[in-house]
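Participant: Have a look at this one before I ask anything.
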Ligand SMILES: [Zn+2]
């Protein structure tokens, strides 16, 4: 009888330990997945100006509803920028879209450390950043008049990168066929971080 009692107690304890360990493993797994979730998103602009009903009626709609509407696509990108917490490194040949410029300035205003690299070709359209005290580096003509700083990439919090064909300009948004791609994949983000660092030093005037 003593033996059976002992066995029963031991088994219950073991079961409890195993259940507790399983619960911990499930929680740890959930936590790992949550913090290491892969994020990949693709947007296409389709070379047209046909906006959705909301944007045709000039409604500021912050939700991304219609992938055919260029304004919905722009607000999708703004949504990505609005999630920035610490750093925003922008390397963009041309940037004159007011909506996207304002999203960058908003990030700066809420304490995000913003750095911008542009080409001298488009320096006028980015004057606003300088007046706001946003750090800017410019590929000057004298550096190499024939070669363009033609990149279009943005690094968010050193963890995500936005890539694609699109300069952040009004024309690109309204008229062009363009692709924009966001990923948090380390193997892609890391080389872009290094590239930004290199160009930032290179254009240190
Ligand atoms: Zn729309």
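Participant: Can you tell which of 73, 144, 48 is assigned to a loop (DSSP other than H, G, I, E, B), modelled with pLDDT under 95 and within 16 Å of the ligand (Cβ to nearest atom)? Full working, then the answer.
Facilitator: Values: 73 fails: assigned to a loop (DSSP other than H, G, I, E, B); 144 fails: within 16 Å of the ligand (Cβ to nearest atom).
Unique residue meeting the criteria: 48.
Participant: Right, here's the next one. Please enumerate the residues belonging to the range 98-141 that are surrounded by 16 or more Cβ atoms within 10 Å (Cβ to Cβ) and in a strand (DSSP E or B).
Facilitator: Hits for the range 98-141 are 114, 115, 116, 117, 118, 119, 136, 137, 138, 139.
Participant: Then there's this: Restricting to the range 154-174, give me the number of residues that are surrounded by fewer than 18 Cβ atoms within 10 Å (Cβ to Cβ) and in contact with a helix residue (DSSP H, G or I) (Cβ under 7 Å, 6 or more places away or on another chain).
Facilitator: 3
The values are calculated or read from the model by the stated rules, or taken from the named source; none is laboratory data. For clarity, every value in this text was computed on a predicted model and none was experimentally measured. Note: ideal-geometry Cβ built from the backbone for every residue, glycine included; neighbour counts use all protein chains shown.
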